[in-house]
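Structure first, commentary second.
The values are calculated or read from the model by the stated rules, or taken from the named source; none is laboratory data. Note that this is a predicted model, so its numbers are computed, not measured. Because the Cβ atoms are built from the backbone with ideal geometry, glycine has one as well, and the counts that use them run over all protein chains shown.
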Amino acid sequence: MTSTALHDLGVAQLAAELRERRVSAVEAAQHFLARAQAHQNLGAYVAVNPDITLAQARAQDAAIAAGTAGPLAGVPIAHKDIFVTKGFPSTAGSKMLAGYQSPFDATVVTKLADAGAVTLGKLNCDEFAMGSANENSAVAPMGFDAPAPVRNPWATDRIPGGSSGGSAVAVAARLAPAVTGTDTGGSIRQPASFCGITGIKPTYGRASRYGMIAFASSLDQAGPMARSAEDCALLLSAMCGPDPDRDSTSLDVPAENFSAKLNDSIDGLRIGIPAEFFGEGLAPDVRAAVDGALKEYEKLGAKLVPISLPRTQLSIPVYYIIAPAEASSNLSRFDGVKFGHRAKDYTDLVDMYKKTRAEGFGDEVKRRIMIGAYVLSHGYYDAYYLQAQKIRRMIADDFQNAFKSCDVIAGPVAPTVAWKLGDHGNDPLADYLADIFTLPGSLAGLPGMSVPAGFGEGGMPVGLQLLGNYFQEARLLNAAHRLQQATDFHLRRPEGF
Amino acid sequence: MALTPQDIGRIANLARLELTPSESERMLTQLNGFFDIVEQMRAVDTSGVTPLAHPVAAIQDVALRLREDVASEPNQREANQQSAPAVERGLFLVPKVIE
């Protein structure tokens, strides 16, 4: 092994070291398991199972020795605890699923394992992926007896973002070289931005939702989070592909090698700058970092093109109608009958449902179920849910209009850097409003990224959001990679990690 | 058009959620705050616009598939029931539903 510590290597470098047998998959797994434990005060991991991890690692060492290794052979990764996994608890951050053991693996988990990745464990997240700060998890992190905050390694009194908060922290603190996340309204991009790492959400329908505990089915997408675009491309290539028998919304679009175009020139690339993303709600420190990244792009030969996404503001009510409506339907399966929590005392079946759900769900989940049940109820469906679905199409059309004059769209991921733990505590609306820049791309189902672009207030990381047209993941990763060849923000590390 | 405490009770019943009186009160305030920001959406003229369900349908037809109606999964009753709250002789136990 070289003198560089294992946790300083990215996925691409680590995969090469493993292939060349300068380090074994078992050594790599042990190294990261030890780091996960040493830094468990961050609250990133909710479960590990060293027996399973090391058995997977030994199998990969054998595959490497036999010459049958996949592209990610022996690379340790961890999964957001929204993906169901055999052998590790699958909780979705909810008391409702405390200790739940899935009889099967999510398709994304299987595909990454088929590529040779080794599972280190499960990562903390907001309950059923509902949240923007990871403050809604009801599960005790590894090493804790009760739920505890997930802490941003750049400043441990700050939130990591959400809902894939544990995922972002694990990468930023070098507790895993890469992880999975899910993005419904920004849950990959926003924590990636807040923790100074790289994350991509593919086009809706490219990654199978089978085994991803459902929040909002027409929005949920899986994606990788890692330190660089190059590493994200390696994981995304393994994660995507049709799953026709298991996910009815999975698209018949073949898997793709997303690494192939990373180094293409971006000379002449037209980057659309939506005026609505740079208005008065944007903090000056975030704006300065984003402007700096855009200047780098100009130096690389890209052209900045002013565009308009006129319904950006409307994406907040539209999203917060559609997502809770779908959530209220999806979460009706948690009734205490076939799996999960069941209340101890009840009078009859309906009382059992009501008490089970009252005990098993946290406040934010209950709020969204209530909103969803209301907007789908008789007399309100047309005025709320259907109206939101119609404006959703107008928002998607606005993007198609914008892409006539640009190749990718760039802007901030979030209006501010990561806030302090507890700052939005009693005001759920504050979290909703902070999602404004990620929601439009989610509603349109477009691929989107967060790429480290600099630092703002308190030395906290700032991400640049890149949005592409449908199926343009390779172009986004190319644009992100070229920026990362010219800057070193993605290589910076929080002190002490 | 603000929600009333009766509305909260009705929705909670539809959603099969038991709310304590203080939870109901908080829920009323928070939902009314939420529906204030929804008002801007209701004013948008959407006549003639088709609702968008699968986002990629914005650019191409997306057909929802049906798979063949054949059993594809092996029987793994024990694995499927290992996280069940109450099981007896391979059956899920629930409170009496028929008198």
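The single condition among (1) assigned to a helix (DSSP H, G or I); (2) of a type outside the set (Phe, Trp, Tyr); (3) within 7 Å of chain A (Cβ to nearest Cβ); (4) within 20 Å of residue A:352 (Cβ to Cβ) that residue B:23 does not meet is (3).
Return the residues of segment A:315-327 that are facing chain B (nearest Cβ under 7 Å) and surrounded by fewer than 24 Cβ atoms within 10 Å (Cβ to Cβ); say none if nothing qualifies. Scanning segment A:315-327 gives a single hit, A:316. Scanning segment A:65-89 for residues that are in a loop (DSSP other than H, G, I, E, B) and surrounded by 24 or more Cβ atoms within 10 Å (Cβ to Cβ) yields A:72, A:74, A:75, A:81, A:82, A:84, A:85, A:88.
Pairs are defined by a Cβ separation below 7 Å, a sequence spacing of at least 6 or placement on different chains, a first member in segment A:137-155 that is in contact (Cβ under 8 Å) with a residue 12 or more places away in the chain, and a second member that is part of a loop (DSSP other than H, G, I, E, B) and of a type in the set (Asp, Glu); the pairs so defined are A:137/A:126; A:149/A:135. Checking each residue in segment B:37-60 for being exposed (fewer than 12 other Cβ atoms within 10 Å of the Cβ) and not small (Gly, Ala, Ser) picks out B:39, B:45, B:50, B:60. Residues that are surrounded by 24 or more Cβ atoms within 10 Å (Cβ to Cβ) and free of Cβ contacts under 8 Å to residues at least 60 places away in the same chain number at least 1 in the following strands (runs of 3 or more DSSP E) confined to segment A:379-490: A:461-468. Figure legend. Inter-residue proximity from segment A:101-119: first residues at positive phi, second residues buried (at least 24 other Cβ atoms within 10 Å of the Cβ) and of a type outside the set (Val, Ile, Thr), beta-carbon distance below 7 Å, spacing 6+ or different chains. Indicated pairs: A:116/A:60; A:116/A:72; A:116/A:74. Scanning segment A:342-358 for residues that are surrounded by 22 or more Cβ atoms within 10 Å (Cβ to Cβ) and more than 7 Å from every other protein chain (Cβ to nearest Cβ) gives a single hit, A:356. Every listed requirement among (1) in a loop (DSSP other than H, G, I, E, B); (2) without any contact (Cβ under 8 Å) to a residue 12 or more places away in the chain; (3) small (Gly, Ala, Ser) is met by residue A:265 save one, (2).
Of the candidates B:69, B:61, B:45, B:7, the single residue that is more than 7 Å from chain A (Cβ to nearest Cβ), modelled with pLDDT of 95 or more and either closer than 23 Å to residue A:441 by Cα or in a loop (DSSP other than H, G, I, E, B) (or both) is B:45. Looking only at residues in segment A:138-185 that are more than 27 Å from residue A:230 (Cβ to Cβ) and among the acidic types (Asp, Glu), the one that is surrounded by the most Cβ atoms within 10 Å (Cβ to Cβ) is A:157. Return yes when residue B:2 is within 30 Å of residue A:243 (Cβ to Cβ), more than 8 Å from chain A (Cβ to nearest Cβ) and under 25 Å from the mean Cα position of the chain (by Cα) and no when it is not. No; evaluated as a whole, the condition is false for this residue. Name every residue in segment A:205-234 that is within 12 Å of chain B (Cβ to nearest Cβ) and touching a Gly at 6+ places or on another chain (Cβ under 9 Å), in order of residue number. Answer for segment A:205-234, where residues must be within 12 Å of chain B (Cβ to nearest Cβ) and touching a Gly at 6+ places or on another chain (Cβ under 9 Å): A:205, A:206, A:216, A:218, A:219, A:221.
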